[in-house]
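Visitor: My questions all concern the structure below.
Where a number appears in this text, it was derived from the coordinates with a stated rule and is not lab data. Only a predicted model underlies this, so the values are computations on that prediction, with no experimental measurement involved.
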Amino acid sequence: MTQFRTLDHPIMAMIAWDPERSAEWINDHILMVHATSNVYLIIGDEGDVVINSGTAAQGTAIRQKFEALLGRALNVHKLIFTQSHPDHVGGWQAFADSRTEIIAQRMFHQIVAERRLLAPFFAARYANVIAAMLVGMPRNLGLDAGDPYGVSTFADTHELYISGRRYLLKSMSSGETLDAIAVWLPEEKTVFTGNWAGAIHGALPNFYTARGDRQRSVPGWLTDCRDLLAHNPELVITGHEQPIAGRERIHADLMRVYEAVSYIHDKTVEAMNAGVDLATIQASAKLPAGVAIRDGRCPPHWIARAVYEEYAGWFHQDRTSELYPTRQSAIWPEIVQAMGGPQNVVKRARDLLAEGEAEKALHFIEMAAFCDPADRTVLEEQIAVFETLADKTEGKIFDLLGWLEGRIMLARRALADRENHL
């Protein structure tokens, strides 16, 4: 059994929805409701501004929590989305009426349409990464919510004045989605960043997600980070957890992540220019000495690959076969046969695992499983390899651990089915 579970990862507490948890004040005019992604309310005499809306299932309850704390009904003048993910926009109908202007970045409609276009594809992939979270739950990831309509959009910046307060909306396309924005209250040195820096403040941003998504720009994120810090925010309000207060702490937190991302970026570029192949670049990717980062969703070598492919694309020029549709697995049966059959391949995987070469063992067990997927010995060794790799995450890398958990669950299920049919 693996020692670690995604259900114990810090992100689980951040996204937990508690119907009984009340709304709370951040200051005398900003309120917050903790949800799968937090929702914020800025009150004013001329109308209220709501930032994000939770999931479709949470929207009404979130509004009720705000109204219970305020002791009055909301008068939603503006509803602003910091990005187009369902946990940010799904509850929109609970806040919007004929008087409400909904505002998002210009790419909003395109990203929402793409998510609809590929809904079955992405739902299956997402389920593969959060398999442990879905045990006993229907595989419905919130994509059944109606899309917002009548959304006003902007390209780079958009300025608003409501109840004597200035709002500056800025595109942050390096965030979790290409339509990500930051919402500034410039005179207050307050910024709502959503999940621009990732779901976990102080962790490495997830420039490529295991579930799949449009790749985010690493150099673009570094530019956006410098720009944000240049405005010296004194209150940063993210998509999860509590707000981060104090100019010095904010600067220290973001600079720590900036230095880590910049280091990985620069080392990758240096290696690319030296003619180093991607696999070698990934194998050497690490955090800079002395930089401590919170547990997050991706390891440094995923960021190194994101940098490489952002600049160079998918043809790595390692092998000519990359240019053709025939996969390496097409010749695996012949290799397995040449090794004397699946059991010999399993033995080699087992030996490598015992030698501490789990990643090499993975390659061999994948060949064996391709040729004889229902064999008991193959399935047992698959589980052993996956559990070893899961333990190597130390429970820190949510997406990688989640994927491995899903593979372990599938192998255990196949093993149980096999025993039941004997």
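Visitor: Using only DSSP helix segments of four residues or longer, with each worth -39500 (n - 2.57), what per-residue ellipticity at 222 nm results for the chain after dividing by its residue count and rounding to 500? Let's see the in-between values first.
Guide: Numbers: 14 runs with 177 residues, N = 422.
Helices in the chain give a 222 nm mean residue ellipticity of -13000 deg cm²/dmol.
Visitor: Compute the Rg/Rh shape ratio of the range 1-83: radius of gyration over Kirkwood radius, all on alpha-carbon atoms. Please report the intermediate quantities before stating the final value.
Guide: On the way: Rg = 14.9 Å, Rh = 13.8 Å.
When Rh is taken as the Kirkwood radius, the ratio is 1.08.
Visitor: Using the Kirkwood formula over every pair of different C-alpha atoms, what hydrodynamic radius in Å results for the chain? Walk me through the numbers on the way to the answer.
Guide: Values: mean 1/r = 0.0426 Å⁻¹.
Evaluated over the chain, this radius sits at 23.5 Å.
Visitor: Kirkwood hydrodynamic radius, the range 215-366, all distinct C-alpha pairs: what's the number in Å?
Guide: Details: mean 1/r = 0.0529 Å⁻¹.
Answer for the range 215-366: a Kirkwood hydrodynamic radius of 18.9 Å.
Visitor: Next question, about the same structure. Taking only C-alpha pairs under 8 Å that are 6+ residues apart, what is the relative contact order of the chain in percent?
Guide: On the way: 742 pairs, mean separation 57.9, N = 422.
Result for the chain is 14 percent.
Visitor: At each listed q (0.17, 0.24, 0.25 Å⁻¹), what is the log10 of I(q)/I(0) that the Debye formula gives for the range 181-278 modelled as equal alpha-carbon point scatterers?
Guide: Once normalised to I(0) and log-transformed, intensities are -0.78, -1.35, -1.43.
Visitor: Let me ask something else about it. Looking at the range 189-241 from every direction and averaging, what is the projected area of its Cα convex hull in nm²?
Guide: On the way: hull surface 15.7 nm².
Dividing the Cα hull surface by four gives the mean projection, 3.9 nm².
Visitor: Kindly provide the Kirkwood hydrodynamic radius of the range 222-293 in Å, to one decimal, from all pairs of distinct alpha carbon atoms.
Guide: On the way: mean 1/r = 0.0716 Å⁻¹.
With all distinct Cα pairs of the range 222-293 included, I get 14.0 Å.
Visitor: In angstroms, what radius of gyration and Dmax does the range 327-420 have, counting Cα atoms only?
Guide: In order Rg, Dmax, the Cα atoms of the range 327-420 give 13.2, 39 Å.
Visitor: Helix 59-70 against the longest principal axis of the chain: what's the angle in degrees, Cα atoms only, rounded to the nearest 10?
Guide: The answer is roughly 40 degrees.
Visitor: To make sure I understand the rule: partners must be lysines, Cα under 25 Å from the Cα of residue 396, and not fewer than 8 residues away in the same chain. Which ones qualify?
Guide: The reachable lysines, counting only those whose Cα sits under 25 Å from residue 396, are 267, 286, 360.
Visitor: Then there's this: Using only alpha carbon positions, build the gyration tensor of the range 160-214, then give the equivalent ellipsoid semi-axes as the square roots of 5 times its eigenvalues, largest first, whole angstrom. All intermediate terms of the calculation are to be shown ahead of the outcome.
Guide: Details: eigenvalues 144, 29, 8 Å².
Taking √(5λ) for each Cα gyration eigenvalue gives 27, 12, 6 Å.
Visitor: Here is a further query. In a GNM of the chain with a 10 Å cut-off on Cα contacts, which of 163, 217, 171 has the highest mean-square fluctuation?
Guide: Result: 163 has the largest fluctuation of those listed.
Visitor: On a full-extension model of 0.36 nm per residue, what is the gain between residue 252 and residue 156, subtracting their alpha-carbon distance, rounded to one decimal in nm?
Guide: Numbers: separation 96, 0.36 × 96 = 34.56 nm, distance 2.70 nm.
Additional length available on full extension: 31.9 nm.
Visitor: A further question on this structure: Please list the three semi-axes, largest first and in whole Å, of the ellipsoid equivalent to the range 113-234, using sqrt of 5 times the eigenvalues of its alpha carbon gyration tensor.
Guide: Values: eigenvalues 183, 69, 37 Å².
After scaling each eigenvalue by five and taking roots: 30, 19, 14 Å.
Visitor: Okay, moving on. Mind checking which of 316, 34, 109 has the largest fluctuation in a GNM of the chain, springs on alpha carbons under 10 Å?
Guide: 316
Visitor: For the range 279-333, what ratio Rg/Rh do Cα atoms give with a Kirkwood hydrodynamic radius? Intermediate values should be presented prior to the final figure.
Guide: Values: Rg = 15.3 Å, Rh = 13.8 Å.
Result: Rg/Rh = 1.11.
Visitor: What are the ³J(HN,Hα) couplings of the range 83-96, residue after residue, when phi is run through the Karplus curve with 6.51, -1.76, 1.60 and θ = phi - 60°? Round to Hz, x for glycine and proline.
Guide: 5, 9, 5, x, 7, 9, 10, x, x, 4, 5, 6, 10, 9
Visitor: Residue 76's amide H: which non-local residues (gap 5+, or another chain) put their own amide H closer than 5 Å, with H modeled 1.01 Å from N in plane and none for Pro or chain starts?
Guide: 48
Visitor: Further question on the same structure: What do you get for the angle between helix 300-312 and the principal long axis of the chain? Use alpha-carbon atoms, 0 to 90 degrees, nearest ten.
Guide: Between the helix axis and the principal axis of the chain, the angle is about 80 degrees.
Visitor: Largest first, please: the extent of the C-alpha atoms of the range 6-257 along each principal axis, to the nearest Å.
Guide: 47, 39, 34
Visitor: Percent of Cα-Cα pairs per 5 Å bin, from 0 to the last occupied bin, for the range 55-177, please list those.
Guide: 2, 9, 17, 19, 19, 15, 10, 6, 2, 0
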